[in-house]
Amino acid sequence: MNVLKQLSWLLLLLAAATPATARDKDHFAVKVGILGHEDPAYEPTLNVGLTVGGKLLRGDSAALGLQLEISTSAIEGETTTALEDWEMDSHALYSVLHLGRNHYFKLKAGYIDWQVRYDRGGESEFREGSGLSWGVGYGYPLESGNYWELEYSMMSDEEEFGINYITLGYYF
């Protein structure tokens, strides 16, 4: 992704974070996770990300909301032959359903825009796309009011290119 596109997403994220955290502090998070490429020849990459969002509807034991996520590779993955490495940047918008009062289960579905960069001996090749993404998660509350969240997400495009993402997030 070019720098201007990333900067615009970061500004949108920061703009959304201020009212979201003031209204509902549990919807700002930092995440770290393992990205698994659909091709088993590619080893996983380590990604970091930010998440912000807010609840639109809230009941006694369920809540429906929106969530914006951005993610980038912190450590590139390699191929089993070590002749190529890869990384991925993404941003996504999800509808999110939380089920539970304190501990909760999470279901999410939305749209993701992504770019994968493959490096082969100094030459880079990019693959960009967008498509549907979905995920499930479990949230564990802390005494501070913050919580940990373990999540599995999957994304694919119309060409059946797929990435699996397992993350641990800390929600403020």
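A simple spin-label model places pseudo-atoms 7 Å from Cα toward Cβ; at Y138 and A82 they are separated by 3.7 nm. Computed with every protein chain present, the accessible area of Y140 is close to 110 Å² [probe 1.4 Å]. How large is the convex hull of the C-alpha atoms of segment 33-100 per residue, in Å³? Normalising the Cα hull of segment 33-100 by residue number yields 88 Å³. Computed about the Cα centre, the dipole magnitude for segment 38-172 is approximately 1100 debye when only Lys and Arg (+1) and Asp and Glu (-1) carry charge, each at its Cβ.
The values are calculated or read from the model by the stated rules, or taken from the named source; none is laboratory data. This is a predicted model, so every value here is computed, not measured. Note that we place each Cβ from the backbone using ideal geometry, even for glycine, and neighbour counts take in every protein chain shown. The accessibility values were calculated without ligands, DNA or RNA, using every heavy atom of the protein model including side chains. Shrake-Rupley method; radii C 1.70, N 1.55, O 1.52, S 1.80 Å.
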